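No lab work stands behind these numbers, since they all come straight from the coordinates. What you are looking at is a predicted structure, and each value in this text was computed from that prediction instead of being measured. A quick note on method: Cβ atoms are made from the backbone with ideal geometry, for glycine too, and the neighbour counts reach across all protein chains shown.
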């Protein structure tokens, strides 16, 4: 299974936030630390905020903070949320995709079971377990 860059970048941001859960970090902070597009990160922040995982503040000292303790946020749940619009295979999409094997496919049930096992395994890990402390960039 390959995660989208949206999920990868979202996880990086959340891992960083978990190290300092009461410190607001801006998209500029994340962009500078990770060398990523601020515009792309803003979309991820918006998604995480709408899902209730982070809270955002505007103005001086603004930015994003975790809405829950890192010990209460599970990795499998995060990936499920971030990958929601990117199903493992087309037929797992909300509209069922366009599959010519529908009704005859023996693969779908196995892929669903594998995906469930993958996410269940990741749910044995919390965001606190994978917190990413700030590292100064080398100059």
Legend entry - Helical mean residue ellipticity (222 nm; -39500 (n - 2.57) per DSSP H run of 4+; nearest 500) of the chain: -13500 deg cm²/dmol
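At a 10 Å Cβ-Cβ cut-off, how would you order 91, 99, fewest neighbours first?
Values: 91 18, 99 13.
Going from sparsest to densest Cβ surroundings: 99, 91.
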Inset, instruction - Would you mind telling me which residue in 104, 16, 69 has the biggest mean-square fluctuation in a Gaussian network model of the chain, where springs connect alpha carbons within a distance under 10 angstrom? - result: 104
Inset, instruction - Express in whole angstrom the spacing between the alpha-carbon centres of region 45-113 and region 8-28. - result: 18 Å
Legend entry - Degrees between helix 107-122 axis and first principal axis of the chain (Cα, 0 to 90, nearest 10): 30 degrees
Legend entry - Residue of 77, 85, 129 that the Gaussian network model of the chain assigns the largest fluctuation, springs spanning Cα pairs under 10 Å: 85
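What order do you get for 45, 89 when you list them from fewest to most C-beta neighbours inside 10 Å? If you can, show how the numbers build up before the last one.
Working: 45 19, 89 14.
Ranked by crowding around the Cβ, least crowded first: 89, 45.
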Legend entry - Full-stretch length increase - residue 3, residue 106 - with 0.36 nm per residue and alpha-carbon distance subtracted: 34.7 nm
Legend entry - Tilt relative to the chain, helix 5-19 - C-alpha long axis, 0 to 90 degrees, to 10: 40 degrees
Inset, instruction - Go through (1) 80, 32, 20; (2) 57, 31, 30; (3) 43, 30, 28 and flag the label whose value is the computed Cα extents along the principal axes in Å for this structure. - result: (2)
